[in-house]
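Take a look at the structure below.
The values are calculated or read from the model by the stated rules, or taken from the named source; none is laboratory data. This is a predicted model, so every value here is computed, not measured. Cβ placement follows ideal geometry from the backbone for every residue including glycine, while neighbour counts extend to all protein chains displayed.
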Amino acid sequence: MTIVIDDAGYGDLLFGAVIGAYRPETGEFIYDVIDIKYFQRPRFARKEYLSEARRIALELVDRLGLEEGEQVQLCRGDILDEAAAALEERLGKDRVARVKVEGEAQRLVELAYLNEIRNLGYEPIPDRTERWGKSFFHMLRWLKAHPEMLRWAKTGWPRLKRFRLFKRRRG
């Protein structure tokens, strides 16, 4: 058996990020969220989201009840680097692998993230992952139309200061 861990939303402008764990053999899927505060100042600059991703990934593995000899596969994205190192330390390098997550695991984690941002009242564009630039500006326009939702923006990115919307608020 295998547990596959993936993330979604890390590179998007809205909301935190979803970390999900999927066991293909049984179809079990669970997830948790890295709160938006980890993508805002001062936490973002200190990269605290990495240790939060680690905490969540370890908790998800525990919640699924890792079985004897079961392997854990993690997405190659850097947000899961600390999680991979912690799991290697706990389980050994032979039971932890960095992989390109595809298929049902990726679909479920993306769906969880999309549901979370829809709960904010935002409707994402179709194929947002393939059209990241267009998705970013779609989210930016939505935030301009809904400035009360700025608390849900990843305002820690230094490049955002070039946008008027973020000049006043750089949380």
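Laid out as a table, the results:
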| quantity | calculated |
| --- | --- |
| Residues being in a helix (DSSP H, G or I) and more than 14 Å from TYR31 (Cβ to Cβ) - total across segment 63-73 | 0 |
| Residue list for segment 37-62, filter: closer than 11 Å to ILE19 by Cα and among the charged types (D, E, K, R) | GLU52, ARG54, ARG55, GLU59 |
| Pairs, first within 20 Å of LYS47 (Cβ to Cβ) and modelled with pLDDT under 95 in segment 145-158, second among the small types (Gly, Ala, Ser) and exposed (fewer than 13 other Cβ atoms within 10 Å of the Cβ), C-beta under 9 Å, six or more apart | GLY156/ALA45; PRO158/ALA45 |
| Restricting segment 90-102 to residues that are in contact with a strand residue (DSSP E or B) (Cβ under 9 Å, 6 or more places away or on another chain) and assigned to a helix (DSSP H, G or I), the residue that is nearest to GLU52 (Cα to Cα) | ARG90 |
| Among residues of segment 34-58, those that are out of contact with any Phe, Trp or Tyr (no Cβ under 8 Å at 6 or more places or on another chain) and of a type outside the set (D, E, K, R), counted | 9 |
| Of residues in segment 1-52 being among the hydrophobic types (A, V, I, L, M, F, W, C) and in a loop (DSSP other than H, G, I, E, B), the one surrounded by the fewest Cβ atoms within 10 Å (Cβ to Cβ) | ALA45 |
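To keep it simple, each residue is scored yes or no on (1) touching a helix residue (DSSP H, G or I) at 6+ places or on another chain (Cβ under 6 Å); (2) crowded, with 20+ Cβ neighbours inside 10 Å; (3) modelled with pLDDT of 95 or more.
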{"residue": "ALA57", "(1), (2), (3)": "yes, yes, yes"}
{"residue": "GLN73", "(1), (2), (3)": "no, yes, yes"}
{"residue": "LEU87", "(1), (2), (3)": "no, yes, yes"}
{"residue": "TYR113", "(1), (2), (3)": "no, yes, yes"}
{"residue": "ILE117", "(1), (2), (3)": "no, yes, yes"}
{"residue": "LEU120", "(1), (2), (3)": "yes, no, yes"}
{"residue": "TRP132", "(1), (2), (3)": "no, no, no"}
